[in-house]
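Notes follow the structure.
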Amino acid sequence: MKPLVIVTRKLPLEIEKRMKELFQVRLNSDDHLFSREELLTAVNEADILVSTVTEKIDADIIASSGPNLRMIANFGVGVDHIDLKAAAQKMITVTNTPGVLTEDTADMAMALLLSITRRVSEGERMLRSGNWKTWSPTGMLGMRLQDKKLGIIGMGRIGQALAARARAFGLSIHYHNRNRLDDDVEKKLGATYWESLDQMITQMDVISLNCPFTPDTHRIMSKRRLALMQPHSYLVNTARGDVVDEKALIDILQSGAVAGAGLDVYENEPNVNPVFFDLENVVLAPHMGSATEEARYAMGEKVLINVKTFIDGHSPRDRVLAESY
Ligand code: DGY
């Protein structure tokens, strides 16, 4: 009898096809969001759960999982929606899909950065609504990127990939990270390390959040830190909504205490605070940093390999340990 793999969301076709060949699998063909009851049933029946960021697998869900549940193979790199400690206590192996969505997420951060500083979405809204009357010497002025300073919070894979892109646009690279990068990496990226996040924030023209969401980074851009940003500066978030105090961000966007924000992630997804919709100085994307054909296929491949490795009795390469997250 093959182990039962329950997949919470619809995955790329080729991945689902291969899953059917390899495992006894229960797919979600209409891609509906699992209710809490469905999630409880799934963790009770499955040997392996393939989850995504849309399921909150908290301590209660894990506590009520059945004796067969041995693995949660997450389709995605962030695992902040899974209670890793509770999983470890029940000897449930958790894996993720690092490395294969780096470039795509960095592209999205760059796209938001360009879009907000050059007012691309705002211009499109104006044009589509029929309000563009003429070219104007003083209309739709944004901020030039050349020679400006980008401060990256979280200089892991994605932060570094963003740094490489931003350099090509003439931005100087600054970063704050748990650990300072090796000399050669700093040199390659032309990156300046700031031990003090507060000090870095006060000097930057653009701040980009690229850190994982952990207890340490919860609202790392707090109300106090947001207030340290320069009035002409911008915030870009492709990490997780919870790394920013969203209410405080709305306040400073409304008051003009910062110039704007490019956001791909929100505190309470998919329920985006509707106040954002009335603000001209934000670009809003629906959590699509890794949304390319290539990334989603590669993420699926990683899930397949992680699950197969585990079933074959080996330790999957992308195992996430509670203590290192
Ligand atoms: C990730 O991989 O973490 C993406 O944000 C989707 O979960």
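Here, each number is a calculation from the coordinates, and none is a lab measurement. None of the values given here were measured: they were computed from a predicted structure. All Cβ positions, glycine included, derive from the backbone under ideal geometry; neighbour counts span all protein chains shown.
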**Message:** Students often forget the sequence filter, so: which lysines lie under 29 Å Cα-Cα from LYS187 once same-chain residues fewer than 8 apart are removed?
**Reply:** LYS148, LYS149
**Request:** Please list, or write none, the aspartates and glutamates whose alpha carbon is within less than 18 Å of the alpha carbon of LYS133, excluding same-chain residues fewer than 8 places away.
**Result:** GLU122, GLU124
**Complete:** Once Lys and Arg are counted +1 and Asp and Glu -1 for all other residues with Cβ under 12 Å from that of LEU49, the total becomes -1
**Ellipsoid equivalent to the stretch 183-325 - semi-axes via the Cα gyration tensor, in Å** = 32, 20, 14
**Request:** Whole Å is fine, so just give me how far the alpha carbon centre of the stretch 235-255 lies from that of the stretch 1-35.
**Result:** 35 Å
**Prompt:** In 5 Å bins starting at 0, how do the alpha-carbon pair distances of the stretch 58-183 split up by percent?
**Reply:** 2, 9, 13, 13, 12, 11, 11, 9, 8, 6, 4, 2, 1, 0
**Asked** Taking Rh as the Kirkwood radius, which is the inverse of the mean 1/r over Cα pairs, what is the Rg/Rh value for the stretch 25-80?
**Response** 0.92
**Request:** Mind putting together the pair-distance distribution for the chain? All Cα pairs, 10 Å bins, whole percent per bin, short to long.
**Result:** 6, 25, 30, 22, 13, 3, 0, 0
**Request:** Let me have the 222 nm mean residue ellipticity of the chain computed from DSSP H runs of 4+ only, each contributing -39500 (n - 2.57), with the sum over all residues rounded to the nearest 500.
**Result:** -10000 deg cm²/dmol
**Message:** Below 12 angstrom from the Cβ of GLY154, what's the summed charge of the other residues (Lys, Arg +1; Asp, Glu -1)?
**Reply:** +2
**Asked** Nearest-5 percent of antiparallel DSSP beta bridges in the chain?
**Response** 5 percent
**Item:** Pairs of Cα atoms farther than 29 Å apart, the stretch 102-284, %
**Value:** 17 percent
**Fill in**
Under Stokes-Einstein, the stretch 179-255 at 4 °C and 1.567 mPa s, with its Kirkwood radius over C-alpha pairs, diffuses with a coefficient in µm²/s of 96 µm²/s
**Request:** For the stretch 93-156, state which trypsin sites (Lys or Arg not before Pro) are in a DSSP loop and have at most 14 other beta carbons lying within 10 Å of their beta carbon.
**Result:** LYS133, ARG144
**Request:** Scan around GLY260 for amide H atoms under 5 Å from its own, H built in the peptide plane at 1.01 Å from N, and keep only partners 5 or more places away or cross-chain.
**Result:** LEU235
**Prompt:** Once amide H atoms are placed 1.01 Å from N in the peptide plane, what residues at a sequence separation of 5 or more from ILE152, or on another chain, have their amide H within under 5 Å of its amide H?
**Reply:** HIS174, TYR175, HIS176, SER208
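Given R₀ = 25 Å, FRET efficiency for SER129-SER172 by Cβ-Cβ distance, to 0.05? Walk me through the numbers before you get to the answer.
Numbers: r = 37 Å, r/R0 = 1.47.
Plugging the Cβ-Cβ distance into 1/(1 + (r/R0)^6) gives 0.10.
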**Prompt:** Long-range amide H contacts for VAL50: which residues qualify at under 5 Å (H placed 1.01 Å from N, peptide plane, sequence gap of 5 or more or a different chain)?
**Reply:** ILE6, VAL7, THR8, ALA73
**Message:** List the lysines whose Cα sits under 25 Å from the Cα of LYS17, skipping any in the same chain fewer than 8 residues away.
**Reply:** LYS2, LYS302, LYS308
**Prompt:** Can you give the FRET efficiency for VAL275 and GLU45, using 1/(1 + (r/R0)^6), R0 = 30 Å, r = Cβ-Cβ distance, to the nearest 0.05?
**Reply:** 0.15
